[in-house]
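Reading through the structure tokens given below for one structure.
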Amino acid sequence: MKPTIKDVAKLAGVSFKTVSRVVNKESTVGEALQEKVWKAINELGYKPNLSARGLRGAASSIGFIYDNPNSNYVIDMQRGILNECHKRGYELVIHPCNASGEHIIDEVIEMIDRSRVGGLVLTPPISENPEILAAIANKKVEFVRILSGSAAPDTLSPCVYIDDRTAAYTITQHLIDLNHKDIAFLGGDEEHKSSGERLEGYRSALADNGITPHENHILPGKYSFESGVERTRALLELDGPRPTAVFACNDEIAAGTLFAARIAGVDVPNQLSIVGFEDSPFSRQAWPNLTTAQQPTSTIAQRATALLIDTLKSRAEGSQLVESEGFLPKLIVRDSSQTAPV
């Protein structure tokens, strides 16, 4: 027989209304009492009735909407969101989409109406599309954005922002410190603001060191292994001097660069240094291991989910809104970058 809320109340020595308040994250219950109730819940294996919570007006699920070709990024995002959902008693509704689709706004609104989620975690490029954001805001649905930038861009909603520009500056400076002056740049999807931010950081570092890049060594593309392979082949086939280093906009691109270099007989890192971005499994599984900028994707996703749940709670209570948070990816030096060949 499944344990009931009354069984929990009896074991914890409290009223069933107190148990209900704890399960629904109400702030009127002290921490000591909350711990007592949660201990009883865990001991009995009690599962709160999420649908009943929804009937009382409390959000029981949140949605994750994304459009990203990087499977490692998506998996890490889901892991982080699920960790916080399980911790806070929420279900997760996952919705992949094509952000550039003709009917994307209708699709997102239909998803909200169908799933009846309490709020949304949005990732680029969805989180950086003003038309989609305005449509969601008109639905009076709370959302938290994960996006690229050095600060929150507005007060539309809380966000978790990643300072891609500063991190790209740092990783480019690392190559310059290794005496590289001809550094190629392989960009990601242009609809993702992160690609532009990383390009700006790259250009800024070169300019501050008095280096003028070869414009034909700066190639737009996709956040994918295949894009890295294709554009590295194009780089290696160009007339004139080859770059001595490649800054790939993410680790999948960098892994593609490494693959193409090997096929062409180019030694990495003795003839060509390669750096990536994000510290995905690609960076650690490739040989040589890739120098990269460590972006804690699961942690970012978990913090975004916590911000969303806290926002839902603060709205219900009429309290002060939660603050946005920022992350700065950290340079991780590995074997794929070394001093430029003479």
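The values are calculated or read from the model by the stated rules, or taken from the named source; none is laboratory data. Computed from a predicted model, the values in this text were never measured in an experiment. As a convention, Cβ positions derive from the backbone with ideal geometry for all residues, glycine included, and neighbour counts pool all protein chains shown. Ligands, DNA and RNA are excluded from the accessible area calculation, which covers all protein heavy atoms including side chains. Shrake-Rupley method; radii C 1.70, N 1.55, O 1.52, S 1.80 Å.
Couple of notes before you dig in:
- Restricting Leu156, Leu120, Leu147 to residues that are in contact with a strand residue (DSSP E or B) (Cβ under 9 Å, 6 or more places away or on another chain), over 28 Å from Ile253 (Cβ atoms) and open to solvent by less than 50 Å² (accessible area, probe 1.4 Å) narrows the list to Leu120.
- Failed item, numbered, when Gly221 is tested on (1) in contact with a helix residue (DSSP H, G or I) (Cβ under 6 Å, 6 or more places away or on another chain); (2) under 16 Å from Thr172 (Cα atoms); (3) in a loop (DSSP other than H, G, I, E, B): (2)
- Among residues of the range 271-287 being farther than 30 Å from Ile146 by Cα and at pLDDT 95 or above, the one that is most open to solvent (accessible area, probe 1.4 Å) is Gln271.
- Taking the range 117-172 as the region of interest, none of the strands (runs of 3 or more DSSP E) fully inside it holds 2 or more residues being at positive phi.
- Residue check, Ile162 modelled with pLDDT of 95 or more, within 15 Å of Arg303 (Cβ to Cβ) and open to solvent by less than 40 Å² (accessible area, probe 1.4 Å): yes
- Helices (runs of 4 or more DSSP H) wholly inside the range 1-104 that include at least 1 residues being over 30 Å from Gly276 (Cα atoms) and modelled with pLDDT of 90 or more: 71-88
Residue-by-condition table, conditions (1) in contact with a Pro (Cβ under 8 Å, 6 or more places away or on another chain); (2) in contact (Cβ under 8 Å) with a residue 12 or more places away in the chain; (3) closer than 30 Å to Glu110 by Cβ:
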residue	(1), (2), (3)
Leu133	no, yes, yes
Ile146	yes, yes, yes
Val160	no, yes, yes
Asp163	yes, yes, no
Tyr169	no, yes, no
His174	no, yes, no
Asp189	yes, yes, yes
Gly201	no, yes, no
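- Residues of the range 252-267 classified as open to solvent by 20 Å² or more (accessible area, probe 1.4 Å) and aliphatic (A, V, I, L, M), total: 2
- Conditions (1) open to solvent by less than 40 Å² (accessible area, probe 1.4 Å); (2) over 28 Å from Ala245 (Cα atoms); (3) in contact with a helix residue (DSSP H, G or I) (Cβ under 7 Å, 6 or more places away or on another chain); number of the one not met by Leu186: (2)
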